[in-house]
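The values are calculated or read from the model by the stated rules, or taken from the named source; none is laboratory data. Note that the structure is predicted; figures quoted are calculated from it, not measured. Heads up, the Cβs are rebuilt from the backbone with ideal geometry, glycines too, and the neighbour counts pull from every protein chain shown. To get the accessible areas, we keep the full protein, side chains included, count just its heavy atoms, and leave off ligands, DNA and RNA. Shrake-Rupley method; radii C 1.70, N 1.55, O 1.52, S 1.80 Å.
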Amino acid sequence: MATKGGKHVYNKSDVDLLLQKDELQSPPRSPQHGDRVKKHSGDQHWSEWEARLWMFTLLAGTCFLYCARSSLPICAVSMSEQFGWNKKQTGLALSSFFWGYCLTQIAGGHLSDKVGGERVLLVSALLWGLITIVTPLAARATTASLYLVSFLRFLMGLLQDQRMFSDLGRGFATSAKTNMPWRLLLKKAPVWAVIIGQVSVASSSFTLFSWVPIFFKNRFPDSKGLVFNVVPWLTAIPAAIMGGHLSDHLIKTGYKPVFVRKLMQVIGMGLSSIFILLLGQSESFCQALIFISVALALQTFNHSGLTINIQELAPSCSGFLFGVANTGGSVFGILWVYLSGYLLDITGSWDSMFHLLVAVNVLGLLIYLAFAKTERMDVENVTPVLKI
């Protein structure tokens, strides 16, 4: 504010400050008022009402997405009996989702950057929702039910990655702002440690997700699907929250971040593997339910280890690195899901599948523990040279 001829003259910055002060003292009384406040202040961020609406929308969308994704694993027992599928054929149908899932992660992220994530979301959700509805009808409409169902699940996989990696294209662009091109990141051992670790985690999780409902129905025919399809996944919610609080608490109390990340992976990949082995040896429904619930709960600790570690190593292109890692996890998920069905058909024992998952987890954990770091890798410390 300036004084001219005895009068107060306000410039634009003074007006903006007064508007912001008035907005802080008088909070929005309605969504419409919140929009006006946002426009007056020039704030490019969402209003509180918009943020809450989008949070609810994304939560609901995620729930519907996983309901659609889990529909075939839950129904595979009845469908295999009705259509005469053996374990290998069932594995083909279950793994077909991941064929499509791993193909469009980069394309989906790039498309979201070009036309907007909300448009891609809308079209994608409408299409995979329609596929979910027509799958049981299409399966009965032809004698080649296995191949038709597999094809529809493949299409569903194509349409369900796009939301998770909407920032993938930004990973290519923002990496140019650092001293190190993203290609050089792939030459660093700590980067490969998190990629291999994520591949192990994702592929083993996909396999459990696909085969656990069939395991329970085969091993305990009288068990209720409502119990073993719901209870284990509910335990993951408080466990994930507890894992996040534990990792934050340890770092605040002075533990090095690299130690905390590795500890979370020992819990998420190491301890969970013990309960996966116990699951194969369970003799009662109650035992099996406890073992799978604990295994899934412990696996949520991976979010406080590997997932955060990717952000720490390369914040400028973490979307790209996570896309690479999860694409690898999807590819190996295809192999493990199908191979599990093949092993079940050959051996007639569930132990072979659980041993495969434990071997994958242990190998990924050992590599991660050996090479993981938390120092930033997407910049180079350039020491200035004094010229004489």
Study note, to complete from the structure: Taking protein heavy atoms only, a 1.4 Å probe, and rounding to whole percent, the accessible area of segment 195-286 owed to carbon and sulfur comes out at 71 percent
Revision key, fill the gap. The alpha-carbon pair-distance distribution computed for segment 123-163, with 10 angstrom bins and whole-percent values, is 32, 50, 16, 1
Review point. So what's Rg/Rh here for segment 273-314, counting alpha carbon atoms and using the Kirkwood radius for Rh?
Key: 1.23
Check your understanding: So how do 52-58, 198-204 stack up, highest first, on mean other-Cβ count within 10 Å?
Key -> 198-204, 52-58
Review point. Mind listing the phi-derived Karplus ³J(HN,Hα) values for segment 293-302, rounded to whole Hz, using 6.51, -1.76 and 1.60 with θ = phi - 60°, and x for any glycine or proline?
Key: 5, 5, 4, 5, 5, 5, 5, 5, 5, 4
Check your understanding: With labels modelled as points extended 7 Å from the Cα through the Cβ direction, what inter-label distance (nm, one decimal) is found for Val258 paired with Asp351?
Key -> 4.0 nm
Practice item. Multiply the residue gap between Trp46 and Gln311 by 0.36 nm, knock off their C-alpha separation, and tell me the result in nm, one decimal place. Key: 93.0 nm
Check your understanding: Which three lengths, in whole Å and largest first, does segment 210-311 cover when its Cα atoms are put on their principal axes?
Key -> 50, 22, 21
Study note, to complete from the structure: Output ordering of 221-231, 330-340 (per-residue mean of other Cβ within 10 Å, highest first) is 330-340, 221-231
Check your understanding: Hey, what D do you get for segment 251-361 in µm²/s if you plug the Kirkwood alpha-carbon radius into Stokes-Einstein at 4 °C and 1.567 mPa s?
Key -> 82 µm²/s
Exercise for review: Can you work out the PRE-style zone for Leu335? Point 7 Å along Cα to Cβ, and I want the residues of segment 187-211 with backbone N under 18 Å.
Suggested key: 192-208
Check your understanding: Which ³J(HN,Hα) values, rounded to whole Hz and listed in residue order, are derived for segment 257-267 from phi using the Karplus coefficients 6.51, -1.76 and 1.60 in 6.51 cos²θ - 1.76 cosθ + 1.60 with θ = phi - 60°, glycine and proline given as x?
Key -> x, 5, 5, 5, 4, 5, 4, 4, 6, 4, 6
Study note, to complete from the structure: The distance between the Cα centres of segment 274-309 and segment 49-85, in whole Å, is 21 Å
Check your understanding: Across the Cα atoms of segment 251-297, what radius of gyration and what greatest pairwise Cα-Cα distance (Dmax) are found, in Å?
Key -> 14.2, 44
Check your understanding: Working out 0.36 nm times the residue gap between Arg119 and Cys63, then minus their Cα-Cα distance, what length gain in nm do you get to one decimal?
Key -> 18.3 nm
Review point. His245 versus Ala141, label points 7 Å from Cα toward the beta carbon: distance in nm?
Key: 5.0 nm
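Whole number in Å², please: accessible area per residue of segment 273-352, 1.4 Å probe, ligands, DNA and RNA not counted.
Accessible area per residue, segment 273-352: 37 Å².
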